[in-house]
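This report concerns only the one structure given below.
The values are calculated or read from the model by the stated rules, or taken from the named source; none is laboratory data. In this text the structure is predicted, and so the values were computed from the model without any measurement. Cβ: placed from backbone, ideal geometry, glycine included. Neighbour counts: every protein chain shown.
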Ligand SMILES: Cc1ncc(COP(=O)(O)O)c(C=O)c1O
């Protein structure tokens, strides 16, 4: 027995302490300051003593209280970025996933977890109106996008062709940064990302897409893929998926949909995502709009063969021995990753506990909260709504008493002060060069009262800043 051994009694005692902290966190979540007033030097100081040579035993857990006290509270009024609210049953699934320590590489190494993940992926695909799609869970939307574009590249311009990889990828000017990053990683280079202008609702303009493709073909370049966004990070705009898919088909392009933010809302409002199932690959984030604890991304695709073309390099040491379609299945043949945690445990447990209907209701509630905030902003002369609200991101700014050139700087200061007040947390977006306050509702805890608090806090903060 090494000194790493833990008795059952030790485990029970430690687990009880951790559980108590978790329970306390959830109970007090609403009362906590959303953004504790800590500087970088304060958080560094918490860990300044480094890692101990000799174990501290139970005292090792003592510091958790201080660490948690300084941790940002993702409560009902945390509306920054696209941060899901961390559904607690999902968290329990995640805890168990670590204890079970399954390595979900292939059915042979973790039979139940492989079948569970396949079932979760199939179930979520069906729930968003893409029945028959398969795929895998990923670390998030960025890796799902990278994998989707790797599949596109392999399908349309295989890497083993002579010469360096080439091909042009199209996406709207509102594309998420994970797409240029994926192109850079794939060796296609950011210069091969063609940014297509959007309409007044921030949706890709199909005729501009077609024009860009034909221009590239005429210039001897090779169009490869189009990335449509289902929920842009700034405003939640959903590109015209049907039109984009028709153009992609006509020109023989792969269509990847970046639905990291929005696509799971197709569970609740499918009419806003017409054409989603025309994608060749689709990313979505269960750690955003399925409220699962980070991390839980999803990549879906229509043809498993395309994923295998991109990712299957199995050497003999990992090759499974069975010809059975389940027993011979290996995620490493369809994914970037080999060692993979049992990510499916959280959505599986969480959805089994609450049922899909509860998630649809929570998503509808988020959409209602966003519409409600937009209405309040429209009704308040001191505020200006800066973009339509097709999903759950609301972009607006404070304008009263401010000339146009002063508005960016004032709203920048307003956001910092508002967040420091600790009652509401907003992030920002830049729309046509203008600074926007941005509230994003992917939080099952947020109520109509919280939405009213957002407006009240923005007005109170502005008053503080204007000193009136
Ligand atoms: C549209 C879009 N795509 C991709 C991503 C990246 O997702 P992740 O943070 O899970 O890597 C985000 C994150 O906000 C997003 O909004």
Subset of segment 156-191 that is farther than 18 Å from residue 258 by Cα and outside any loop (DSSP other than H, G, I, E, B) - its residue that is nearest to the chain's Cα centre (by Cα): 191
Is it the case that segment 45-61 has a residue that's within 30 Å of the chain's Cα centre (by Cα), outside the structural domain of residue 393 (by TED's automatic domain parsing) and over 25 Å from residue 439 (Cα atoms)? yes
Take segment 280-301 and flag every residue that is more than 11 Å from the ligand (Cβ to nearest atom), closer than 16 Å to residue 392 by Cα and in contact with a helix residue (DSSP H, G or I) (Cβ under 6 Å, 6 or more places away or on another chain). 290
Which numbered condition residue 385 misses (of (1) in the same structural domain as residue 265 (by TED's automatic domain parsing); (2) free of Cβ contacts under 8 Å to residues at least 40 places away in the same chain): (1)
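Filter the helices (runs of 4 or more DSSP H) completely within segment 62-141 down to those with at least 3 residues that are within 16 Å of the ligand (Cβ to nearest atom) and at pLDDT below 95. Spell out how you get there, then give the answer.
Details: elements: 64-69, 88-100, 111-127.
Passing ranges: none, list empty.
Determine if segment 211-222 includes at least one residue that is under 30 Å from residue 385 (Cβ atoms) and away from the ligand (no atom under 15 Å from the Cβ).
Going residue by residue through segment 211-222, those that are under 30 Å from residue 385 (Cβ atoms) are none.
No, there is no match, as no residue in segment 211-222 is under 30 Å from residue 385 (Cβ atoms) and away from the ligand (no atom under 15 Å from the Cβ).
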Just one listed residue, out of 265, 277, is modelled with pLDDT of 95 or more, more than 10 Å from the ligand (Cβ to nearest atom), surrounded by fewer than 24 Cβ atoms within 10 Å (Cβ to Cβ) and assigned to a helix (DSSP H, G or I), and it is 277
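Which residues, taken from segment 241-260, are closer than 20 Å to residue 200 by Cβ and within 16 Å of the ligand (Cβ to nearest atom)? Talk me through it step by step, then tell me what you get.
First, pick out the residues of segment 241-260 that are closer than 20 Å to residue 200 by Cβ: 241-244.
Correct list: 241, 244.
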Is one or more of the residues making up segment 135-150 buried (at least 16 other Cβ atoms within 10 Å of the Cβ), within 14 Å of residue 224 (Cα to Cα) and touching a helix residue (DSSP H, G or I) at 6+ places or on another chain (Cβ under 7 Å)? yes
Using the structure shown, decide if residue 176 is surrounded by fewer than 24 Cβ atoms within 10 Å (Cβ to Cβ), modelled with pLDDT of 95 or more and within 11 Å of the ligand (Cβ to nearest atom). yes
Going through segment 46-61 in order, the residues found to be exposed (fewer than 12 other Cβ atoms within 10 Å of the Cβ) and part of a helix (DSSP H, G or I) are 57, 58, 59, 60
